[in-house]
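What follows is one structure encoded as structure tokens, with my remarks underneath.
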Amino acid sequence: MKSKKLVAIGATAVVALAGIAFTGAPAFADPVGDGLSIVGSDTLQDAVSALANGTTITGSSVKVSGNGLVLGSWDAFTLGVTGGVGKIQTKPFGNVFDRPNGSGAGRTALLRSIGYNGGSGTNYIYNGVNVQDQVDLARSSSRGTVVAGGVLTYVPFGQDAISFMYKVGTDGDGDGDAAAAATWISDLTLNELTALYTSTTGSPVTVSGTDYVVKPLGLQSSSGTWTSFLSKIGVTTTSLGSGVDTRGNTIPENDGAVLTPTVDQVQIIPVSVANYIGQANNAARINTMAGASVGSIDGVAPITGSAPNLAPSTVFYNSPTWGRTVFIVVPTAKITSGNPAYNQGVFDLTNPASLTSLTYWGASGSPATSKAVKLRFGFSAPQDAAFTANN
Amino acid sequence: MNTEIPPRPARTAIRSGVSGIVVGTLVWGVLTVAAVASPADSASAATGSTVTVTVQDQDPDADDAPMPDLAVTVSQTEHLVAQGIRVSWTGGKKSIAPTGGHGGANFLQIFMCWGDDPTNPNRPDRNTCMYGGANTPGATRDAFRNLTMGEIPAEDLPYTALSANPFLPPYTRIPFVARDGSRIDGIKTDPVTGVRTIDESVDLNINQFFTSYSTNEIPWVGSGDDGTGAVSFEVQTAAQSSALGCGTAVTTAGVTTGASCWLVILPRGAFDNGSSTTTQSGLFIDSWKHALAVKLEFDPLGNRCPLGAAERQLAGSELATLAVNSWQPVVCNQTGASVYSLLTLPESDAVLTAATSSDAPLALTSYPLKTEAADPLQYAPIAITGVTVSLAIDRRPDPFKNIPDAYKDAAHTPFTSVNLTPRLLAKLLTYSYLSALPPGTDTSYLTGPHPDTVTKDPDFLAVNDPEWAAQDLSGAAIADIIVPQGRSDAARAVWAYIAADADARAFLAGTADPWGMVVNPWYCTNAAKNPTGNAFSLDRDDLPKADPIEVTPANLGPINLVTWRPYANDLSTVAYFTLRGDAQFIGGWDPFAIPPKYGKGTRMLPGNQALLGLTTTSAAARYQVVTASLRNPAGSFVPPTANSMLAAADAMTALDKAGRVLGFVAGSKAQAATGAYPLTMPVYAAANPGKLDATLRTAYSAFITYATSSAGQTLGIDSGQLPNGYAPLPAAWATTAKAAAAAIVAGPTPTPTPAPSQSTSLNSNNSSGGSSDSGDDDTSAAPQPTPSGTADVVLSGGVTPEDPEAPAGSALLIGLIAAAVSALIAWITSRRRSIRTWSRP
């Protein structure tokens, strides 16, 4: 294990490096410290970044740390910047590797960081680069396959939900039917969502009684939000309608700015409700949600209250159809005491019993807990238990 | 029911049963033939062992059950082999589909177990269930609990332990015990201290007994909004799963039976076992205690033929496979008989070999040998069966249409009937619907309106129940029809059925249908409109993917029609795909494969299925999948049943000059047969007595004799009987077969002479037995029950003459056999004509 002194020197170095390497990006989009690194899902990135970098959004100062080690949270991509993926360097003198741009990529980077190779030998190569010890934790909005003694442990971070968001375009003939279209799109049934995402260019769905046509948008194909949205509405990539626009497989998740409806058009796209709340509450660093609204499904609204005090609807979040538990993923060995790889910092960051760990959901109602921060970012108490997996 | 008006899709088994009886009565009035067995609806032979179980009867804690009103009916519970059974239910709840995080809500899980609960012999033992192979949330043998150790139910406690990591909750793992006693346990208990630990070296869901690739469990099947549903379940015997060992031969007091198993129907609610969703195992006691179970009785497995018995080859028709399999264990034990193994290959090849080679396999065919010389073969009809369109289409009402509530409530439940016309079949086989072609490319060569799928075609809606118009169905698998590769008489019969219909013929020739739809030009029978410059011939025995469309998405590999809509291996496989809802969709692009390739798409879950397939009536019956009703030349939509196939047999006319091979071809006789299923096909056993030694002649004759005996032609599910999907041979046909068998035994004869013209109907044939009035030598040409009196094949539209299309391999074969000079000449002659046909401008 590194001595604290070494770590402190490294911290200075990485700050300097970061200053040079990322001058074009938003100043605080990527971590500014050394210590432990976390990569993966963009759904969790705003909340985890806030906890890692320190936040006063609850009125109290909350900053997580692992036994004195700073947590560096690396975004999946930079919000509001198309194709903001590029490469990252997580540790002093470490190799530069492709930025993991989602849950699956983050977990793969974590597995490669510990050399896991499906149970046979070791493999530290992630997208052609050796990433040994470069990643300590991962954010994940999807689940691996539960297996006893899996090398990864999934510790619940919170409960999220999937819904859709929409924008209504301007009214072409000025007959005032934009309001009717907005009302119509604000509450869809599951079957209507299925029909929208299987509609063809030849027969698009129109908003009855108005001039408006609905244009469904699709997210980039590696998005966990996209794949789980499709499975929830019973559509496969094969049965996806030709009317769905994926803009060449480039649309990032949870970005309200991609909704650009033309005249007499309504655009809709799947969204993580927690991420929407986090942005709309201005808890996140960037709010792309101006003008974008989250729709209800089958008459249940995913959100209560109004910005900047939006809060999750428990009914929606805990529904088997739309709710999902999101996780912090950690190598099992690093949190198993007695294991040679045991790391007190990683253990502290993921210990659900600690008020200021990433995973706290205990009884305390104090604004100084990580739980209070996560609530502001639109997460509610997780419904699934911790488990282990190999993927 | 057999009128011009399309029948409303039968929504219940009772209703379709009634229609079957009506058809039966009508046919009975026409047929004075005493069929070998009583004519029965094809589905009825198995109904004797249908069982219904309810939660109220079986579950002592019914009030707390996820679906207290659930009543489940299993279509067949006795004499099971490796096959499909139909599981249907009422009293369920509207289901929610599974996602990556949980198993769904208000659904059923269906799987098999082999052992009885030691404490209650009326229930299965959960440790003996093939469950967990799906390995998806809510469908595993193990799970981390949302409970503390103290909250774990006593029944689950022996299988539960804690991990070394304090963040992890208790872990419960249900062991699996195979029938031979071998087992896998996930929890180790110290024999001294009793301390339980997790054995991390064991994966209970991927084990030596079953995996996701071999298991037959259904991890999720949903109910429609009205709480009803149905699904076909794949029954596995010890041959597919030795761990379950169902059907293993067990001899008790001299009687051999098959080992029984359990079918378990496990209702799951929105949450269970302490979790807020269905993330836990259904084998945990909180779920398991609500399981419904039905005992399944199997036919004994194993070779019941005498060891060392001589083996004889049959070659040709896939249509006869299931009948031959059923006859085999009985016929092989008869004096003078042998073990008969059927090799499926194109029938035209099989008959050519039978006619020209010495000691060739007994050919099974539906069409006669194509020859201009005298046909040396003896033809014995052994089965009446057919080709059918299987379907798995679940309702998906269009949410944007104002439709009756009854339609909305039926969402996600399967359609149980559909009507197809020859023109609709032509549209499906010619890739004329948009979704059948890979997306993302220029399809402007398709002129006129082209619906995405057949279910959106006004041509389809015009002949089907109005409920279809309320659906919003999509997907490639209902824009085409899954077909087998290669050549077969079945394909020939399908094209002949299409060619015999004036509307379909006009459509294929490039004439727009009444709604303006025009055929995909690559299949146009008008050479001027076909981009190849050649006409697409309907006189063919294959099902080609003729459209050369290809699209290459960015950074991915090219997709052509075969990549997009792959062939199946054979007709039976298509029925199995239908059972599983596997539409052969293209999967994701795998750039790391060597060479890079597209993977296989996942199957559609019950409740969201939409596919059509071309299969045999017998395979459709075995897997108990839904089949389409086809419009016959009389204008009626008729489903394939024993009765409708018998009605077609009655209206069959000669396909060859000698009048010895019959087929259901359009003509005045067919147009009068309102109850006839138009794709009915007889299967003939064909042999050339002049080229077989005495042993083979006796062996082939013994096979034909048993196959056409009353035992072999009695519909039933016992060994030696005629399986479902076949119609028992009418007496006159059986007489013909006996005469042919006698002719085969008798050996070489002079060149057979054509049967004399005969104007007798089947009725008179029946009374006469069909043989005494022929005045011909029984050993030279077996008399047929219904010769048409003319050798011409009368198709209403005039199909071109049969094209032999003999393969190169056969040509070589002929060349090697000096004795077959006349056949060679005939082949060359017909080949020349064939070439001329193709080069026609």
* Asked: What are the extents of the Cα atoms of segment B:242-319 along their three principal axes, listed from largest to smallest and rounded to whole Å?
  -> 63, 40, 18
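Of A:Thr122, A:Thr90, how do they rank once you tally other Cβ atoms within 10 Å and put the fewest first? All intermediate terms of the calculation are to be shown ahead of the outcome.
Values: A:Thr122 11, A:Thr90 27.
So the residues, fewest neighbours to most, are A:Thr122, A:Thr90.
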* Structure fact -> With bins of 5 Å, the percent of all Cα-Cα pairs of segment B:336-448 per bin from 0 is 2, 7, 10, 11, 10, 12, 11, 9, 8, 8, 5, 3, 2, 0
* For segment B:225-275, report the translational diffusion coefficient in µm²/s to the nearest whole number, using Stokes-Einstein at 4 °C, 1.567 mPa s, and a Kirkwood Rh over Cα pairs. => 90
* Asked: Residues with beta-carbon under 12 Å from that of A:Ile114, excluding A:Ile114: net charge, scoring Lys, Arg +1 and Asp, Glu -1?
  -> +1
* Asked: At what distance in angstrom do the alpha carbon centres of segment A:349-385 and segment A:96-150 lie from each other?
  -> 25
* Structure fact -> Taking the alpha-carbon centre of each part, the distance from segment A:201-241 to segment B:225-248 in Å is 35
* Going by the alpha-carbon gyration tensor, a ≥ b ≥ c the square roots of its eigenvalues, is segment A:262-323 rounded (a/c under 1.5) or, if a/c is not under 1.5, prolate (a/b greater than b/c) versus oblate? -> oblate
* Structure fact -> Sorted by chain and number, the residues with a modelled amide H under 5 Å from that of B:Ala568, at a separation of 5 or more or across chains, are B:Val483, B:Gln485
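Convex hull over the Cα atoms of segment B:185-239, averaged projected area in nm²? Write down the numbers at each step before the final one.
Values: hull surface 28.1 nm².
Its Cα hull, projected and averaged over all orientations, spans 7.0 nm².
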* Structure fact -> Diffing segment B:283-290: the Karplus 3J(HN,Hα) column from phi (6.51, -1.76, 1.60, θ = phi - 60°), in whole Hz with x for Gly and Pro, holds 7, 5, 4, 4, 8, 4, 5, 9
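Given an 8 Å cut-off on Cα distances and at least 6 residues of separation, report the relative contact order of segment B:549-657 as a percent. Intermediate values should be presented prior to the final figure.
Values: 117 pairs, mean separation 21.7, N = 109.
Here the relative contact order equals 20 percent.
When each pair of different Cα atoms in segment A:84-235 is counted once in the 1/r mean, what is the Kirkwood radius in angstroms, to one decimal? Each step should come with its number before you reach the end.
Numbers: mean 1/r = 0.0523 Å⁻¹.
Across segment A:84-235, the inverse of the average 1/r is 19.1 Å.
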* Asked: Summing Lys, Arg as +1 and Asp, Glu as -1, what charge do residues with Cβ under 13 Å from the Cβ of B:Phe460 carry, B:Phe460 excluded?
  -> -2
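Across peptide A:143-154, how many C-beta atoms of other chains are within 10 Å of each residue C-beta, on average? Can you show the working numbers first?
Values: counts 6, 1, 7, 11, 9, 15, 10, 2, 0, 0, 4, 3.
Mean shielding by partner chains, rounded to a whole number: 6.
Let's test the formula: R0 of 25 Å, r as the Cβ-Cβ distance of A:Lys63 and A:Ile286. What FRET efficiency results, to the nearest 0.05?
Numbers: r = 20 Å, r/R0 = 0.81.
The computed FRET efficiency comes out at 0.80.
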* To do: Pop out the ³J(HN,Hα) list for segment B:248-263 in order, Karplus 6.51 cos²θ - 1.76 cosθ + 1.60 with θ = phi - 60°, rounded to Hz; leave Gly and Pro as x.
  => 4, 5, 10, 9, 10, 6, x, 9, 9, 10, x, 4, 7, 9, 10, 9
* Structure fact -> Treating only Lys and Arg (+1) and Asp and Glu (-1) as charged, each at its beta carbon, one finds that segment B:137-223 has a dipole about its Cα centre, in Debye to the nearest 20, of 40
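Return an integer: the convex hull volume of the alpha-carbon atoms of segment B:370-518, in Å³ per residue. Intermediate values should be presented prior to the final figure.
Numbers: hull volume 24.9 nm³, N = 149.
Output value, Cα hull per residue: 167 Å³.
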* Debye, to nearest 20: dipole size of segment B:575-702, +1 on Lys, Arg Cβ, -1 on Asp, Glu Cβ -> 100
* **Selected from A:Ser296, A:Thr43, A:Gly59, residue furthest toward positive end of dipole (chain A; charges at beta carbon)** => A:Gly59
* Alpha-carbon centroids, segment B:383-397 and segment B:82-135: separation in whole Å -> 26
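Work out the FRET efficiency for B:Leu162 and B:Asp409 from their Cβ-Cβ distance, taking R0 = 56 Å, and round it to the nearest 0.05.
Working from the Cβ atoms, E equals 0.75.
Compute the signed sum of charges (Lys and Arg +1, Asp and Glu -1) over the other residues within less than 11 Å, Cβ to Cβ, of A:Ala180.
Values: positive: none; negative: A:Asp171, A:Asp175, A:Asp177, A:Asp211.
Spelling it out: positives minus negatives among the neighbours equals -4.
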* With all pairs of different alpha carbon atoms counted, what Kirkwood hydrodynamic radius in Å does segment A:225-309 show? -> 14.4
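Could you list B:His450, B:His102, B:His79 so that the one with the fewest beta carbons within 10 Å of its beta carbon is first and the one with the most is last?
Exposure proxy ranking, most exposed first: B:His79, B:His450, B:His102.
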* To do: Scan around B:Gly386 for amide H atoms under 5 Å from its own, H built in the peptide plane at 1.01 Å from N, and keep only partners 5 or more places away or cross-chain.
  => B:Thr617, B:Ser618, B:Met681
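Tell me, rounded to the nearest percent, the portion of alpha carbon pairs in segment B:513-661 spaced more than 24 Å apart. Walk me through the numbers before you get to the answer.
Numbers: 6231 of 11026 pairs.
Percent of Cα pairs beyond 24 Å in segment B:513-661: 57.
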* To do: Specify whether the C-alpha gyration tensor of segment B:525-607 places it in the rounded, prolate or oblate class, a ≥ b ≥ c being the square roots of the eigenvalues: rounded for a/c under 1.5, otherwise prolate if a/b is larger than b/c and oblate if not.
  => oblate
* Report ³J(HN,Hα) in whole Hz for each residue of segment B:53-62, in order, from the Karplus equation J = 6.51 cos²θ - 1.76 cosθ + 1.60 where θ = phi - 60°; Gly and Pro get x. => 10, 10, 4, 4, 7, 9, 9, x, 10, 4
* To do: Compute the FRET efficiency between A:Thr183 and B:Ala249 as 1/(1 + (r/R0)^6), taking r as their Cβ-Cβ distance and R0 = 60 Å, and round to the nearest 0.05.
  => 0.30
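Mind checking the mean number of beta-carbon atoms from other chains within 10 Å of the Cβ atoms in A:192-198? Intermediate values should be presented prior to the final figure.
Values: counts 4, 1, 5, 8, 2, 1, 6.
That works out to 4 on average.
Translational diffusion coefficient, Stokes-Einstein: compute it for segment B:640-743 using the Kirkwood radius over C-alpha pairs as Rh, at 25 °C and 0.890 mPa s, and state it as an integer in µm² s⁻¹. Write down the numbers at each step before the final one.
On the way: Rh = 14.8 Å.
It comes out at roughly 166 µm²/s.
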* Structure fact -> The base-10 log of I(q)/I(0) that the Debye equation returns for chain A at q = 0.12, 0.13, 0.14 Å⁻¹, one scatterer per C-alpha, is -0.91, -1.05, -1.20
* Two-decimal ratio, segment B:49-122, of alpha-carbon radius of gyration to 2.2 N^0.38 Å -> 1.28
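Of B:Met149, B:Met130, B:Met652, how do they rank once you tally other Cβ atoms within 10 Å and put the fewest first?
Numbers: B:Met149 12, B:Met130 24, B:Met652 29.
The fewest-first ordering by Cβ neighbours comes to B:Met149, B:Met130, B:Met652.
Coordinate-derived values only; no laboratory data. Nothing here was measured: the structure is a model prediction, and the numbers come from that model. Glycine gets a Cβ as well: all are built from the backbone with ideal geometry, and neighbour counts include every protein chain shown.
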